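The structure under discussion appears below in the form of structure tokens.
The values are calculated or read from the model by the stated rules, or taken from the named source; none is laboratory data. As the structure is a prediction and not an experimental result, all values here were calculated from the model. As a convention, Cβ positions derive from the backbone with ideal geometry for all residues, glycine included, and neighbour counts pool all protein chains shown. We work out accessible area using only protein heavy atoms, side chains counted, and drop any ligands, DNA or RNA first. Shrake-Rupley method; radii C 1.70, N 1.55, O 1.52, S 1.80 Å.
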Amino acid sequence: MSGFSRRWFLHASGLAFLALAVRRLAALGAPRSRDDVPWKVQQVLKQLFGDRPVQDGHVQLDVPTVAADGRVVPVMIESDLPMGAERYVKAVHLLVDNNPDIHLAEFRLTPQIGQAFVSTRIKMRMTSPVRAIVETSDGALWGGAAEVRVTVNGCG
């Protein structure tokens with residue numbers, strides 16, 4: 001008979017599963033570096049903004065971590081940038097990496113709104129990063145991203 005008991009096996013299996021789960025959760029929560037942006041998304045960004053860099057920050061993206069139905073995924077985007085007459089958020093762009101149309105929406109804003117805030121619902125094809133990019137009147141770009149895990153395909 002082997003020196004391994006059923007209790008030892010269950011204990012070791014539980015520890016291994018816990019280690020894998022912690023690693024997976026850490027990978028989901030870690031921000032992706034610019035090098036991790038897929039080539040397709042880089043092409044869309046270049047088409048929209050040319051060579052202007054997208055800086056991290058000033059954008060709060062509120063999306064569910066897990067979307068039970070990809071047909072209706074709530075998205076809220078808010079920026080803490082000022083909305084004054086001389087400098088304001090003039091556009092909010094919404095991108096979904098794994099959708100057939102990556103550049104999903106563009107919202108044009110004016111300083112009279114008073115706050116850069118957008119709330120909408122989107123369709124998602126599959127699990128993907130969702131990106132929000134705000135463009136200011138002086139040409140600066142600020143962005144944020146979050147991973148959304150889709151359980152039911154919303155794009156047919």
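Below are the figures for this structure:
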| quantity | calculated |
| --- | --- |
| L94 vs. criteria open to solvent by less than 10 Å² (accessible area, probe 1.4 Å), of a type outside the set (F, W, Y), in contact with a helix residue (DSSP H, G or I) (Cβ under 7 Å, 6 or more places away or on another chain) and at pLDDT 95 or above | no |
| Scope segment 130-156; condition within 12 Å of the chain's Cα centre (by Cα), closer than 19 Å to K40 by Cα and either open to solvent by 10 Å² or more (accessible area, probe 1.4 Å) or free of Cβ contacts under 8 Å to residues at least 24 places away in the same chain (or both); matching residues | R131, G144, A145, A146, E147 |
| Where a residue in segment 80-92 is free of Cβ contacts under 8 Å to residues at least 40 places away in the same chain and its partner, wherever it lies, is part of a strand (DSSP E or B), with Cβ under 8 Å and at least six apart | D80/Q60; M83/V89; M83/A116 |
| Test: D101 is under 23 Å from R52 (Cα atoms), among the acidic types (D, E) and buried (at least 19 other Cβ atoms within 10 Å of the Cβ) | no |
| Residue ID - nearest to T136 (Cα to Cα), chosen from residues in segment 67-79 that are open to solvent by 30 Å² or more (accessible area, probe 1.4 Å) and modelled with pLDDT of 95 or more | E78 |
| Segment 104-129, subset β-branched (V, I, T) and surrounded by 13 or more Cβ atoms within 10 Å (Cβ to Cβ), residue farthest from D62 (Cα to Cα) | T127 |
